[in-house]
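First comes the structure, then the notes that go with it.
The values are calculated or read from the model by the stated rules, or taken from the named source; none is laboratory data. Model, not experiment: these values are computed from the prediction. We place every Cβ from the backbone using ideal geometry, glycine too, and count neighbours over all the protein chains shown.
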Amino acid sequence: MPMDKLKVLFHINETEKWKVVLGNIANLISNVGQKNVDIVVIANGFAVYGYTDPEKISIIEQHSGAGVKFIACRNSLRNMCQEGIACVREDILPSFIVIVEAGITEIVKRQSDGYAYVKP
Amino acid sequence: MPMDKLKVLFHINETEKWKVVLGNIANLISNVGQKNVDIVVIANGFAVYGYTDPEKISIIEQHSGAGVKFIACRNSLRNMCQEGIACVREDILPSFIVIVEAGITEIVKRQSDGYAYVKP
Amino acid sequence: MPMDKLKVLFHINETEKWKVVLGNIANLISNVGQKNVDIVVIANGFAVYGYTDPEKISIIEQHSGAGVKFIACRNSLRNMCQEGIACVREDILPSFIVIVEAGITEIVKRQSDGYAYVKP
């Protein structure tokens with residue numbers, strides 16, 4: 001009988017944690033094999049800025065092509081303006097980034113769907 | 001058939017994360033509706049200080065009135081003295097704050113009861 | 001009927017969080033009793049350095065003797081060299097530290113086995 005596919009949700013809300021998250025994903029896929037794990041990354045808070053960084057996007061795009069799902073919180077994209085830093089406009093994000101209204105809802109629902117939670 | 005009620009536990013152990021937690025709660029309720037989500041906040045470590053901050057307490061009290069449960073760890077309240085900062089006396093906390101002996105036990109038990117875990 | 005044994009996984013990836021993790025473990029065992037909880041600690045990233053600190057190791061060894069399982073991520077041990085700080089050689093770690101190839105895989109699998117996740 002085949003092993004059940006692993007399911008994991010990475011929650012990132014700090015820009016400086018992207019390196020850790022992307023390293024964890026590479027290690028996980030290398031260790032168990034891409035077809036044996038379902039990986040979702042949810043970025044909210046300041047971490048949504050990671051989606052505007054060309055260096056990170058090139059790694060994110062590779063992972064995305066390998067089936068990793070990357071999600072951005074719309075509330076967070078909007079709130080960046082209020083934090084006194086530049087807003088993140090949705091239309092400048094790469095099309096493989098999925099935007100949800102509230103990242104926090106996605107975090108809760110995924111866990112009730114059996115995803116493990118990891119906060120690097 | 002109605003959607004199962006979502007259940008989520010916010011774990012906060014750093015004072016400076018209260019703003020994020022309270023924002024997450026507001027976004028979550030706004031997104032799914034108050035009656036569709038069961039929200040518990042467990043503060044341990046330095047985060048118990050949040051319960052003594054009038055500005056935060058006014059927001060916490062509003063959420064509490066809307067059904068969000070706020071919990072403080074008694075071990076943490078006591079330990080604040082040993083950290084060389086002022087103790088937090090239980091009798092100065094608002095009565096809607098629930099005090100448990102060990103916040104960590106509550107964190108583990110809630111997850112075994114099906115609560116999603118979020119660490120902002 | 002006896003209470004189901006609690007199961008919890010502590011994830012630590014920052015050296016400075018060891019004090020919190022070890023305090024949480026002591027509080028948890030003191031609160032529910034050693035025989036009622038199954039505790040696993042997974043250290044990856046910089047936190048693997050904790051396993052080389054004599055002061056921490058003496059506490060870790062006591063908890064280990066009481067049944068707490070301590071795990072180190074081999075990827076992280078290796079990566080320390082690349083971070084420009086000293087590598088952590090596996091053969092200098094105490095024998096009660098279990099080394100796994102990828103800590104992140106262990107974190108995901110344990111949760112699918114019913115372990116609660118705590119990130120102090």
For A:ALA116, indicate whether it is touching a Phe, Trp or Tyr at 6+ places or on another chain (Cβ under 9 Å), touching a residue at least 12 places away in the same chain (Cβ under 8 Å) and within 14 Å of chain C (Cβ to nearest Cβ).
-> yes
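Quick one: in region A:99-120, which of the residues that are among the acidic types (Asp, Glu) and assigned to a loop (DSSP other than H, G, I, E, B) is surrounded by the fewest Cβ atoms within 10 Å (Cβ to Cβ)?
Filtering first and then ranking leaves A:ASP113.
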Could you please find all residues in region B:65-82 being more than 14 Å from every other protein chain (Cβ to nearest Cβ), out of contact with any strand residue (DSSP E or B) (no Cβ under 6 Å at 6 or more places or on another chain) and either buried (at least 18 other Cβ atoms within 10 Å of the Cβ) or under 14 Å from B:VAL40 (Cβ atoms) (or both)?
-> B:ALA66, B:GLY67
Find all pairs meeting these conditions: Cβ atoms under 7 angstrom apart; at least six residues apart or on different chains; first residue within region C:70-98 and farther than 19 Å from A:GLY23 by Cα and in a helix (DSSP H, G or I); second residue at pLDDT 95 or above and aliphatic (A, V, I, L, M).
-> C:GLU90/C:ILE99
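Given the structure, is B:VAL118 more than 30 Å from C:ASP113 (Cα to Cα) and among the aliphatic types (A, V, I, L, M)? First the steps, then the outcome.
Details: more than 30 Å from C:ASP113 (Cα to Cα): no; among the aliphatic types (A, V, I, L, M): yes.
The answer is no for B:VAL118.
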Scan of region C:88-98 for residues that are touching a strand residue (DSSP E or B) at 6+ places or on another chain (Cβ under 8 Å) and surrounded by fewer than 18 Cβ atoms within 10 Å (Cβ to Cβ), ordered by number = C:GLU90, C:PHE96, C:VAL98
Residue satisfying condition, being surrounded by 14 or more Cβ atoms within 10 Å (Cβ to Cβ) and either away from chain A (no Cβ under 14 Å) or within 12 Å of the chain's Cα centre (by Cα) (or both), within set B:ILE25, B:ILE85, B:ILE29 = B:ILE25
Counting only residues in region B:88-113 that are among the aliphatic types (A, V, I, L, M) and more than 7 Å from every other protein chain (Cβ to nearest Cβ), the one farthest from C:TYR117 (Cα to Cα) is identified as B:ILE92
List, please: which pairs have Cβ atoms under 6 Å, are six or more places apart or on different chains, and start with a residue in region C:32-44 that is within 12 Å of chain B (Cβ to nearest Cβ) and end with one that is of a type in the set (Ser, Thr, Tyr) and crowded, with 19+ Cβ neighbours inside 10 Å?
-> C:VAL32/B:THR105
Residue ID - nearest to the other protein chains (Cβ to nearest Cβ), chosen from residues in region B:6-22 that are in a strand (DSSP E or B) and not β-branched (Val, Ile, Thr) | B:LEU6
Considering every residue within region C:71-94, establish whether at least one is closer than 26 Å to B:GLY103 by Cβ and modelled with pLDDT of 95 or more.
-> yes
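Tally the residues that are of a type in the set (Gly, Ala, Ser), in contact with a helix residue (DSSP H, G or I) (Cβ under 7 Å, 6 or more places away or on another chain) and free of Cβ contacts under 8 Å to residues at least 12 places away in the same chain, restricting the search to region A:99-113. Walk me through it before giving the result.
Looking only at region A:99-113, we keep the residues that are of a type in the set (Gly, Ala, Ser), and these are A:102-103, A:112.
After this cut, where a residue has to be in contact with a helix residue (DSSP H, G or I) (Cβ under 7 Å, 6 or more places away or on another chain) as well, the list is A:102-103.
This time we only want the ones that are free of Cβ contacts under 8 Å to residues at least 12 places away in the same chain, so: none.
Number of matching residues: 0.
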